[in-house]
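Trainee: Sharing a structure, written as structure tokens. Questions coming.
Derivation of every value follows stated rules applied to the coordinates shown; laboratory data play no part. The shown structure was predicted, so the numbers you read here are calculated from the model rather than taken from an experiment. A quick note on method: Cβ atoms are made from the backbone with ideal geometry, for glycine too, and the neighbour counts reach across all protein chains shown.
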Amino acid sequence: MAIDLDKIKEIHANLSGKGTGGGGMSDTFLKIEDGTNSVRILPPKEDTQDFYAMTKLHRVPMQDGTTKNIHCRQVHGEQCPICNLYYSLWKEPTKDETLARQIKGRDRYYMNVVDRNTGEVKILSVGIILFKKIIAAMVDPDYGDITDVEEGHDFKIIKIMEGQWPKYDQSAPRPKSTPAGTGAEVAGWMDTLHDIQSLVKLEDYEELKQISESINPFAAVERSAGDINRSTTEVGDDDYMERLQS
């Protein structure tokens, strides 16, 4: 189960100046607790696959007061209405910076890991900071392919809260190379790998377009202006001015 280190080195070279890390969502996902979380990142089942799946998530405020995580369609090479709204918000004379920053697409990475506390295979969901640390270790000759089940390394995720934001700066592989587990344990884990690629969804364009329009603070103004223009055309300038004066 060899990792393509040339590809990993290319990823490492391209990773710079991006977002933040994070944790999980449900029982399938690893819940990153405060302090040290020890995991073993597992290799893919097939050599032709990557050990991770990458997406971008938009955190979109919905009209019912909830926040919805939406996969960016640009990951699939498709037009994304949420991205279009993001860029348009910065172009408006009266920018809505708060909304723009909230809906900005942020990189997210999924990996299969063994939770060393429970021995279960979980999905690790991380942002760019933790992913960069993992990739940096894999291109470091002192570590190499840390997912190797025979000669790899466990990884320590160290979560420290600073105010309301988690920090992962101290996270690193364990220095000592160790087998991931016994032959039977490894076989069991590889048989229960989660389909992380299926987590990267291609969202419906029309649905995202409707969501984009519903949260666009300038859409109502544009619609109102359109209504005024239509009314002016339909009733004539003289009639329209009489209505305004009445």
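Trainee: Using the Cβ atoms and a cut-off under 10 Å, what net charge is assigned to the surroundings of residue 76, where Lys and Arg are +1 and Asp and Glu are -1?
Mentor: Value of the local net charge: 0.
Trainee: A further question on this structure: Need one number: the % of Cα-Cα pairs in region 5-215 sitting beyond the 30 Å mark.
Mentor: On the way: 6090 of 22155 pairs.
Counting every Cα pair in region 5-215, those more than 30 Å apart make up 27 percent.
Trainee: Can you list the residues, at least 5 places off or on another chain, whose amide H is less than 5 Å from the amide H of residue 148, using H built in the peptide plane?
Mentor: Here the answer is 153, since their amide H atoms fall under 5 Å of that of residue 148.
Trainee: After finding the eigenvalues of the alpha carbon gyration tensor for region 38-137, what semi-axes result from the square roots of 5 times each, listed largest first in whole Å? Mind dumping the intermediate values first?
Mentor: Values: eigenvalues 212, 47, 31 Å².
Equivalent ellipsoid of region 38-137: 33, 15, 12 Å, largest first.
Trainee: Give me 83, 72 sorted ascending by neighbouring Cβ count inside 10 Å, so fewest comes first.
Mentor: The fewest-first ordering by Cβ neighbours comes to 83, 72.
Trainee: Sticking with this structure for a sec: Using Stokes-Einstein with the Kirkwood hydrodynamic radius over Cα pairs, what translational diffusion coefficient do you get for region 106-155 at 25 °C and a viscosity of 0.890 mPa s, in µm²/s rounded to a whole number?
Mentor: 208
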